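To start, the structure under review is shown below, and the notes come after it.
The values are calculated or read from the model by the stated rules, or taken from the named source; none is laboratory data. Just so it is clear, the structure is predicted and the values come from calculations on it, not from any experiment. Positions of Cβ are backbone-derived with ideal geometry, glycine not excepted, and every protein chain shown enters the neighbour counts. The area values use the complete protein model at the heavy-atom level, side chains included, leaving out ligands, DNA and RNA. Shrake-Rupley method; radii C 1.70, N 1.55, O 1.52, S 1.80 Å.
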Amino acid sequence: AQKVTQAQTEISVVEKEDVTLDCVYETRDTTYYLFWYKQPPSGELVFLIRRNSFDEQNEISGRYSWNFQKSTSSFNFTITASQVVDSAVYFCALSEHSGGYQKVTFGIGRKLQVIP
Amino acid sequence: DAGVIQSPRHEVTEMGQEVTLRCKPISGHDYLFWYRQTMMRGLELLIYFNNNVPIDDSGMPEDRFSAKMPNASFSTLKIQPSEPRDSAVYFCASSARQAGGYTFGSGTRLTVV
């Protein structure tokens, strides 16, 4: 079984603050993939990042950064100097080999509100 | 590239009616997924296809739900008969790789009254 856990409470920050969204996962596989997706108020789901289980290097993309720690089964997402446009629901997801195929499970999503 | 195209964007129907949701994946993507999103259950995978063949439909909630992919550029998700509890946003996604990252369509918001 696989499981992705994200805090359910909505988080609000003031513009320009940094914010970290936590993601904890459970899997028995040694090879797996982790993802973050963004769902802005308009409703579409936007792919942000894909990371495989063998690559624990942190990644930075502009104001976004991701911290992957296998020891704690966490894949946290930090937004630096948040902006109003960052307001969205953010989903963490896990892809695990299941029955011969990869199956992606999404976390419940965490809503971020950036206040101007 | 136009991305994943879903239609309609919104659908309101009466209980008992048949509903058909449509999806055109990105050209060249071998994997197509149907997800349902509700407040209570979040994003749930309903079914996915590889090269037009259904691979895993264990997420399809009931026999009232069926999905087809007659060719590489088109898929449908049908609910017959529809019930109010089917009200949700249905997303189609496609991918060139089995293990994500998916490109999602804009979704179809279905309301069954």
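Residues in region A:12-34 that are β-branched (Val, Ile, Thr) and either at pLDDT 95 or above or surrounded by fewer than 14 Cβ atoms within 10 Å (Cβ to Cβ) (or both): A:13, A:14, A:19, A:20, A:24, A:30, A:31. With a requirement of 1 or more residues that are free of Cβ contacts under 8 Å to residues at least 12 places away in the same chain and touching a Phe, Trp or Tyr at 6+ places or on another chain (Cβ under 7 Å), the strands (runs of 3 or more DSSP E) lying completely within region A:5-81 that satisfy it span A:46-52, A:59-61. Looking only at residues in region A:35-64 that are facing another protein chain (nearest Cβ under 10 Å) and small (Gly, Ala, Ser), the one that is surrounded by the most Cβ atoms within 10 Å (Cβ to Cβ) is A:43. Only residues that are facing chain A (nearest Cβ under 8 Å) and surrounded by fewer than 20 Cβ atoms within 10 Å (Cβ to Cβ) were counted in region B:90-102, giving 1. Across region B:6-29, the qualifying residues are those that are open to solvent by 90 Å² or more (accessible area, probe 1.4 Å) and of a type in the set (Asp, Glu), and the one among them that is nearest to residue B:92 (Cα to Cα) is B:18.
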